[in-house]
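All remarks here apply to the structure that follows.
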Amino acid sequence: MSAELKNTDASAEREMTDGFHLIIDALKMNGVETIYGVPGIPITDFGRMAQAEGIRVLSFRHEQNAGYAASIAGYLTKKPGICLTVSAPGFLNGLTALAHATTNCFPMILISGSSEREVVDLQQGDYEEMDQLAIAKPLCKAAYRVLHAADIGIGIARAIRAAVSGRPGGVYLDLPAKLFGQVMDAEAGRKSLVKVIDAAPAQIPSPNSIKRALEVLRNAKKPLIILGKGASYAQADDDIKALVEKTGVPFLPMSMGKGLLPDTHPQCAGAARSTVLAQADVVMLIGARLNWLLSHGKGKTWGTDPKKFIHIDIEPKEMDSNVEIAAPVVGDIGSCVAALLAGLGKDFPQPPAEWITTVTSKRDENVAKMAPRLMNNNNPMDYHGALGVLRTIVKERPDAILVNEGANALDLTRGIIDMYQPRKRIDVGTWGVMGIGMGYAVGAAIETGKPVLCIEGDSAFGFSGMEIETICRYRLPVCVVIFNNDGIYRGTDVNKAGTDPATTVFVKGARYDKMIEAFGGVGVNATTPDELKRAVNAAMDSGKPTLINAVLDPAAGSESGRIGNLNPQSALKKK
Ligand code: OXT
Ligand code: ADP
Ligand code: MG
């Protein structure tokens, strides 16, 4: 070939771009800084190139954990967290996290490579063949496939807008292998990219709905505000605090709503939950659904007196989902709360003193009852002894992120550990799912730069435990405390027939701390609250990846923690 021709070829190449680069350019144009995923065919090179182009690409050991990291990144930042997987099995591994994001209203995009459309559609047995788009659709908010390089810009823009606008949720983006290698003119490629303007536009509530809500609240004798994770997500922290404080209404935080106002706030009714739910006459829900976690707004939990609900949510269909809503306020929480604040005026009545006394005296009684249990230094430890020291550590380090999963390990931590700042507590969420632990820890450490403390049941940890290597590899400031009671709920179950262990028990005396040592992290075996305290403080001070095996009494813990009532019972009467 002549020198002249070669030059022509080279200049032609310079003017072309390809699918790989268009995807990267589109993501970067829209502010995507991090991708969580697992490499493999057909996205290995894409990951390499994205990393080379300055996107942080974090490789996990299993896609589900990468997906959970992306989902919590979405929750913490209000931008869609991105998870990248290979086709069929990798896609399916990531799908649980995508469904979880949708269920919890977190913005997330699962981008999966997929196999050749022509072969997949004729079911001719391609490598990792699967009609991924069809499978993803019912499990997420929106699902798109891009077939042509020229549509990459639009495809990514649609995915971003769908994830964060309205009620946030999971979006699936299917990118067939062939797309990555497609070439097109570079200038046309640049022009095809779309920057998403105002991805989650404010949704202003109607003035009438605000007036109605304030009227209902004004006439309340026993008002209550419930703050859900939607309120935390909205990042309208100052206005929510002002609304609570100006109205003087007691507030009850849902699990991930804890810390939006400190749990130690004088109006916090967290420790008087049963009392306020049963006795309140007007309940204002801010970013919380009346689902199972709130007993659907009816039944014994809610007492016998009639209730009026004011419901603030971005999703109109949420209104009247379980019970009648007297005052629906549909809009984004920032706009709704600002409008309510503006409408309060100067003389908005404070709740009757009698109600405030009822709430605070119940709360103080419960707190006082708990206090001595938290001081015990028993060996083997129980949950209260262990959580007593962790509670102080969180108080001293209020900006650390707390990841929490398990059954007893979840419920007791939620009740005992006070939170002081918004979006610091992240947990199993709407599904009560085990497995979010290490993915959340990585996502939270990366997105916030803050230290992370994970409090994990020994079973819960097992669902994502291999990511301890990921935590060590990226040298993340994560301290994992495993409440090791030898099993699911307890370690004392006995198999009534045969020699196999009972279904809920694990290897007795397991040393989870040894796992992290294999990857260069710090492992500690703690048998008393004092040892636990020393080890956690050292980990939080050093920022070194640490795993503490906290040895708990195997008999500590109850079946399913606080939700044992959900276990089905036979209708047959016991003989
Ligand atoms: O007012 P009253 O008197 O009622 O008192 C309340 C508060 O006022 C009071 N309180 C306080 N008192 C004093 N001081 C303070 N600070 C204070 N704060 C509160 O305490 C009580 C209780 O308060 P709470 O907790 O707010 O109220 P309550 O009534 O419990 O609230 C109801 C709920 C429903 C809102 C609440 O319970 C809740 O949020 N629950 C979430 C439960 C949940 O999601 N659980 C996880 C799922 S369990 C099960 O499914 C598990 N699995 C199966 C499985 C899952 N999940 N996923 C997958 C993928 N596969 C399988 C498994 C395998 S759990 C599990 C593993 C378990 O084993 P581990 O080893 O991991 O864990 P361990 O149990 O530790 O062994
Ligand atoms: P919790 O489990 O804490 O009770 P849920 O997940 O049940 O909380 O409810 C969260 C609610 O918040 C969802 O109904 C969702 O539509 C709503 N939400 C999320 N973000 C916003 C927002 N920015 N503005 C208004 N509502 C929101
Ligand atoms: Mg356990």
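Flag: residue 340 does not match the condition of being outside any loop (DSSP other than H, G, I, E, B) and within 16 Å of ligand 3 (Cβ to nearest atom).
Scan segment 546-569 residue by residue and report those that are in a loop (DSSP other than H, G, I, E, B), under 24 Å from residue 533 (Cα atoms) and open to solvent by less than 50 Å² (accessible area, probe 1.4 Å). Don't jump to the end; show me each part of the working.
Pass one, segment 546-569, residues in a loop (DSSP other than H, G, I, E, B): 553-560, 567-569.
Now restrict to residues that are under 24 Å from residue 533 (Cα atoms): 553-557.
The answer is 554, 556, 557.
The combined condition, being open to solvent by 20 Å² or more (accessible area, probe 1.4 Å), of a type in the set (S, T, N, Q) and within 16 Å of ligand 2 (Cβ to nearest atom), is not fulfilled by residue 361. Considering segment 435-509, the qualifying helices (runs of 4 or more DSSP H), each wholly inside and each with 1 or more residues that are under 17 Å from residue 56 (Cβ atoms), run over 437-448, 468-473. Among the residues making up segment 475-506, those that are surrounded by 21 or more Cβ atoms within 10 Å (Cβ to Cβ) and within 16 Å of ligand 3 (Cβ to nearest atom) are 480, 481, 482, 483, 484, 485, 486, 487, 488, 489, 490, 491.
Scanning segment 284-307 for residues that are in a loop (DSSP other than H, G, I, E, B) and within 11 Å of ligand 1 (Cβ to nearest atom) yields a count of 2. Tell me which of these residue 448 doesn't satisfy, since it passes every other one: (1) within 16 Å of ligand 3 (Cβ to nearest atom); (2) under 23 Å from residue 229 (Cβ atoms); (3) among the polar types (S, T, N, Q); (4) surrounded by fewer than 21 Cβ atoms within 10 Å (Cβ to Cβ). Here residue 448 meets the rest and fails (1).
Taking segment 42-70 as the search range and keeping residues that are of a type in the set (Val, Ile, Thr) and not in a strand (DSSP E or B), which one is nearest to residue 96 (Cα to Cα)?
If we filter segment 42-70 for residues that are of a type in the set (Val, Ile, Thr), which is where we start, we get 43-44, 55, 57.
Okay, now just the ones that are also not in a strand (DSSP E or B), so 43-44, 55.
Details: 43: 20, 44: 22, 55: 25 Å.
Residue satisfying both the conditions and the ranking: 43.
Selection of first residues in segment 439-455 that are closer than 14 Å to residue 35 by Cβ and of second residues that are open to solvent by 10 Å² or more (accessible area, probe 1.4 Å) and in a strand (DSSP E or B), restricted to Cβ pairs under 8 Å at least 6 apart or on distinct chains, gives the following pairs, ordered by first then second residue: 446/34; 446/56; 447/34. With respect to the stated conditions, residue 281 is away from ligand 2 (no atom under 15 Å from the Cβ) and among the acidic types (Asp, Glu). Filtered by the rule that a residue be at pLDDT below 95 and either acidic (Asp, Glu) or touching a helix residue (DSSP H, G or I) at 6+ places or on another chain (Cβ under 8 Å) (or both), segment 305-340 gives a lone residue, 305. Exactly one residue out of 195, 221, 178 is open to solvent by 60 Å² or more (accessible area, probe 1.4 Å) and in a helix (DSSP H, G or I): that is 178. If the condition is being under 22 Å from residue 354 (Cβ atoms) and either more than 16 Å from ligand 1 (Cβ to nearest atom) or not in a loop (DSSP other than H, G, I, E, B) (or both), then segment 224-252 contributes 224, 225, 226, 244, 245, 246, 247, 248, 249, 251, 252. Determine if segment 311-333 includes at least one residue that is within 16 Å of ligand 1 (Cβ to nearest atom) and either at positive phi or open to solvent by less than 20 Å² (accessible area, probe 1.4 Å) (or both). No - not one qualifying residue is present in segment 311-333. Scanning segment 101-117 for residues being open to solvent by 10 Å² or more (accessible area, probe 1.4 Å) and hydrophobic (A, V, I, L, M, F, W, C) gives a total of 1. In this entry, residue 301 is excluded by the filter for residues that are over 29 Å from the mean Cα position of the chain (by Cα), of a type in the set (Val, Ile, Thr) and surrounded by fewer than 21 Cβ atoms within 10 Å (Cβ to Cβ). So, residue 157, is that one on the phi < 0 side of the Ramachandran plot, open to solvent by less than 50 Å² (accessible area, probe 1.4 Å) and either over 20 Å from the mean Cα position of the chain (by Cα) or without any contact (Cβ under 8 Å) to a residue 12 or more places away in the chain (or both) or not? Judged against the criteria, residue 157 is a match.
Being under 28 Å from residue 509 (Cα atoms), more than 16 Å from ligand 3 (Cβ to nearest atom) and in contact with a Lys or Arg (Cβ under 8 Å, 6 or more places away or on another chain), is that true of even one residue in segment 415-432? Yes, some residue in segment 415-432 is under 28 Å from residue 509 (Cα atoms), more than 16 Å from ligand 3 (Cβ to nearest atom) and in contact with a Lys or Arg (Cβ under 8 Å, 6 or more places away or on another chain). Residues that are not β-branched (Val, Ile, Thr) and not in a loop (DSSP other than H, G, I, E, B) were ranked within segment 153-169; the one that is nearest to residue 73 (Cα to Cα) is 163.
The values are calculated or read from the model by the stated rules, or taken from the named source; none is laboratory data. Not measured: the values here are computed from a predicted model. Every residue, glycine among them, receives a Cβ derived from its backbone with ideal geometry; neighbour counts consider all protein chains shown. The area values use the complete protein model at the heavy-atom level, side chains included, leaving out ligands, DNA and RNA. Shrake-Rupley method; radii C 1.70, N 1.55, O 1.52, S 1.80 Å.
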